[in-house]
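Let me begin by presenting the structure, written as structure tokens, before commenting on it.
Values quoted throughout were computed directly from the atomic coordinates according to the rules given, and no laboratory measurement underlies them. Not measured: the values here are computed from a predicted model. All Cβ positions, even for glycine, are placed from backbone atoms using ideal geometry, and neighbour counts span all protein chains on display.
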Amino acid sequence: MRAAAAVTAVAHPNIALVKYWGKRDERLVVPLADSLSLTLDAFPTTTSVQLRPDGSRDVVVVDGQPATGEVLRRITGFLDVLRAHARRREPARVDTRNTVPVGAGLASSAAGFAALALAGAGAYEIGLDATGLSRLARRGSGSAARSVFGGFVLWHAGPADAEDADLASYAEPLHDARVDLAMVAVLLQTGPKPVSSREAMRRTVATSPLFSGWLAASRTDITAMRAALAEGDLATVGEIAERNALGMHATMETASPPVAYRTHASHQVLDHVRRMRDRGEQTWSTMDAGPNVKVLCTAVDAQRIAAELGEITGCLTVVARSGPGATVTTGVGT
Ligand code: PMV
């Protein structure tokens with residue numbers, strides 16, 4: 001049989017300003033609340049999918065090495081979702097290349113599953129618009145729904161009583177944001193995290209006494225964040241984003257057993273960012289499921305702030321700005 005053409009897609013990570021932390025539906029990956037993010041122009045992931053009509057199983061290569069364990073299980077599990085959607089059975093070869101360390105809270109899974117959803121939909125000839133792709137990417141990793149789009153993106157949880165929870169939960173780009181936001185990623189540690197975000201979320205929702213308070217606050221944060229973005233009010237954007245991220249970490253640190261992604265080095269950066277703000281800089285912190293800190297600032301200030309944080313920590317800092325949505329680079333229609 002003639003070999004099927006490979007379809008290749010590129011996607012970028014996104015960093016949430018109002019976080020996704022907690023699922024309503026584990027299997028469908030439907031969140032308990034809306035979240036809002038910025039897709040970056042740094043750290044792209046490139047993924048090719050090629051069907052293997054004569055093959056007996058999926059072959060998955062990540063950064064040049066055959067995938068094993070949990071990584072292999074998640075990717076083949078996602079290929080099963082694609083196959084069920086397409087009503088097809090062929091196994092596939094997936095080749096994915098990251099430019100960011102995997103599992104370090106730098107949103108590699110968001111970029112990874114957005115690229116895989118797009119390339120996989122092409123390879124299995126699943127005709128979906130971008131909204132449909134965001135629903136599909138969500139099944140791989142929740143935050144991947146947002147990396148389908150560029151710039152500021154809102155991911156709808158959908159109503160709790162939705163008839164079709166899958167249909168009701170999708171991402172959409174926000175076109176009325178008027179802030180020129182940059183993020184400085186401070187790469188304190190690039191090894192994989194001790195607890196997966198999936199397990200950490202589950203444990204937080206089930207056991208943290210702070211979770212319901214954080215969830216209620218994050219629903220208010222979404223509305224206030226949308227208004228601040230539309231008004232171009234960077235200070236309010238930064239304040240909400242920092243408080244929301246610190247609240248998320250407080251909920252998981254009070255789970256049992258606790259999930260502690262923040263290290264001594266993370267706290268030093270968080271403190272320094274507050275000190276910078278005290279002397280008049282426009283800087284706010286956010287953190288995800290790992291020890292690394294991303295510092296929000298204006299695009300104009302970003303290089304200078306990155307240099308200072310690099311000097312203070314002795315770590316690599318990377319400036320990222322608003323980036324594009326996921327795109328097919330080769331395969332379909334080329
Ligand atoms: O998509 P996941 O399962 O890796 O969840 C990531 C959640 C956070 O990055 C911590 C927050 C967010 O909204 O991206």
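Ranked by how many other Cβ atoms sit within 10 Å of their own Cβ, fewest first, the residues 294, 193 fall in the order 193, 294.
Each listed q (0.06, 0.07, 0.12, 0.15 Å⁻¹) maps to a log10 I(q)/I(0) for the chain, found by the Debye formula over equal Cα scatterers with no solvent: -0.20, -0.27, -0.80, -1.24. Both numbers refer to the Cα atoms of segment 227-318; Rg and Dmax are 13.7, 42 Å.
Per-residue ellipticity at 222 nm, computed for the chain from helices alone with -39500 (n - 2.57) per DSSP H run of at least four residues, works out to -12500 deg cm²/dmol.
Using the number of other C-beta atoms within 10 angstrom as an exposure proxy, rank 79, 118 with the fewest first. If you can, show how the numbers build up before the last one.
Numbers: 79 22, 118 31.
Result, fewest neighbours first: 79, 118.
Within the straight-line cut-off of under 19 Å between alpha carbons, the aspartates and glutamates reachable from residue 193 are 63, 70, 253, 288, sequence neighbours fewer than 8 places apart in one chain being disregarded.
Taking amide H positions as modeled 1.01 Å from N, with prolines and chain starts lacking one, the residues under 5 Å from residue 42 and 5 or more places away or on another chain are 321. Fully extending the segment from residue 72 to residue 268, taken as 0.36 nm per residue of separation minus the present Cα-Cα distance, adds 67.0 nm.
Using equal-weight Cα scatterers in the Debye expression, the normalised intensity of segment 1-147 in log10 at q = 0.17 Å⁻¹ is -0.91. Net length available on complete extension from residue 97 to residue 282 is 63.2 nm, with 0.36 nm assigned per residue and the Cα-Cα distance removed.
If you bin all the Cα-Cα distances of segment 71-183 at 5 Å, starting from zero, the percentages per bin are 2, 12, 20, 22, 19, 14, 7, 3, 1, 0. Under the convention that each Lys and Arg Cβ holds +1 and each Asp and Glu Cβ holds -1, the size of the dipole of the chain around its Cα centre is about 820 debye. Model label sites at residue 220 and residue 129, defined 7 Å from Cα along the beta-carbon direction, differ in position by 3.6 nm. Length gained on full extension, residue 54 to residue 27: 6.7 nm, using 0.36 nm per residue less the C-alpha separation. With a Förster radius of 25 Å applied to the beta-carbon distance between residue 80 and residue 176, the computed FRET efficiency rounds to 0.05. With the cut-off at under 16 Å, measuring from each backbone N in segment 71-103 to a point 7 Å along the Cα-to-Cβ line of residue 164 picks out 85-87. Entry note, the chain: relative contact order of 25 percent, from Cα contacts under 8 Å with a spacing of 6+ residues.
Here is the size of segment 187-282 from its Cα atoms: Rg then Dmax, 15.1, 41 Å. Listed by chain and number, the aspartates and glutamates whose C-alpha is less than 15 Å from the C-alpha of residue 23, apart from same-chain residues fewer than 8 away, are 34, 161, 166, 199. By the count of neighbouring beta-carbon atoms within 10 Å, fewest first, 252, 276 end up ordered 276, 252.
Model label sites at residue 300 and residue 88, defined 7 Å from Cα along the beta-carbon direction, differ in position by 5.0 nm.
What is the diffusion coefficient of segment 17-62 in µm²/s, taking the Kirkwood radius over Cα pairs and the Stokes-Einstein relation at 37 °C with a viscosity of 0.692 mPa s?
Numbers: Rh = 14.6 Å.
Approximately 224 µm²/s, per Stokes-Einstein.
In segment 275-329, inverting the average of 1/r over every pair of distinct C-alpha atoms gives 12.8 Å as the Kirkwood radius. The phi torsions of segment 73-86, fed into the Karplus equation with coefficients 6.51, -1.76 and 1.60 and a -60° offset, translate into couplings of 4, 5, 6, 5, x, 5, 4, 5, 5, 4, 5, 4, 4, 7 Hz, rounded to whole numbers, with Gly and Pro shown as x. Here, segment 227-272 has an Rg and a Dmax of 13.6, 41 Å when only alpha carbons are counted.
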